[in-house]
Amino acid sequence: MKFSQLLVNTLETGKTTQVCGEINKSVKCCITSYNSADSATVAVESKLKEKLIEVFKKAGASVIDLPYEELSGLYIFKEAADRLKAEFGEAVKNEAIKVDKPVFKMYSQVKGDMYDNAGEIKASLFDYLYMPSRNDLVIHNMMKNCINTFVEIGCGTFLGRLARKADSGKRVLNTHDLAGISAAIKLAN
């Protein structure tokens, strides 16, 4: 089974969820990332990608095909996550694979809230495979917790654009690798 990912913009995520639910009766389709109130990333079986694009456009959305996007947050990975948890869960639980309390503030990508301890990280480690990313909640909660500068590490600027969309007064810096992070941090201060 081959999947494609689509970025669905300018359509309320509730409507996007509804469309995916209707399509999902005949073909695998789901939201893999909630980005903002009117933006979501959707995974669909490739054979029906064009049909789904047409449905979203008729609903008033702008749709961008994401041909090289990695696939995660897809509910059909639940079985794989359960197998991995069975295989490695005890190692994580018994500290053979050590997870420490975060040194810096760290937010759960699948819940959107801040981790307070290592136990929460361990409990949700395998959720990242099959649960949708909640970028909308992460950005909202970071802003609620008075974070004013966002540093995005990686080859894109997507999360930075989401932060600016939520509040244009926030500062967003981007770096492509860990080597450039010290320069980004100096700019942030």
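In this simple spin-label approximation, D100 and H140 carry label points 7 Å from Cα along the Cα→Cβ vector, and these lie 3.3 nm apart. Averaging the sequence gap over all C-alpha pairs within less than 8 Å and six or more residues apart, then dividing by the number of residues, gives the stretch 1-152 a relative contact order of 25 percent. Over the chain, the reciprocal of the mean inverse Cα-Cα separation, the Kirkwood hydrodynamic radius, stands at 18.1 Å. For F150, nonlocal amide neighbours, meaning residues 5 or more places apart or on other chains whose placed amide H falls under 5 Å from its own, are R171, V172, L173. Candidates A183, A163, V151 compared by Cα position along the dipole of the stretch 148-189: farthest toward the positive end lies A163, with charges placed on Cβ. Overall, the stretch 148-189 carries a charge dipole of about 180 debye about its Cα centre when +1 sits on the Cβ of Lys and Arg and -1 on the Cβ of Asp and Glu, all other atoms neutral. Kindly identify the stretch 3-65 as rounded, prolate or oblate by the Cα gyration tensor criterion: order the square roots of the eigenvalues as a ≥ b ≥ c, call it rounded if a/c is under 1.5, otherwise compare a/b with b/c, prolate if a/b is larger, else oblate. The shape class here is rounded. Decide, for the stretch 148-189, between rounded, prolate and oblate: order the square roots of the alpha carbon gyration tensor eigenvalues as a ≥ b ≥ c, take rounded if a/c falls under 1.5, and otherwise choose prolate if a/b is larger than b/c, else oblate. Cα axes put the stretch 148-189 in the oblate bin. When the charge dipole of the stretch 1-130 is built from unit charges on Cβ atoms (+1 for Lys and Arg, -1 for Asp and Glu) and taken about the Cα centre, the candidate among F104, V44, G119 whose Cα reaches farthest toward its positive end is V44. For the peptides 34-43, 94-103, 128-137, residues were scored by their other Cβ atoms within 10 Å and the scores averaged per peptide; the highest-first order is 34-43, 128-137, 94-103.
What does the extension gain come out to for I64 and L187, with contour length at 0.36 nm per residue minus their alpha carbon separation?
Values: separation 123, 0.36 × 123 = 44.28 nm, distance 3.23 nm.
That works out to 41.1 nm of additional length.
Quick note: the coordinates plus some simple rules give every number you see, no bench work behind them. Computed from a predicted structure; not experimentally measured. Ideal geometry is used to build each Cβ from the backbone, glycine not excepted, and the neighbour counts take in all protein chains shown.
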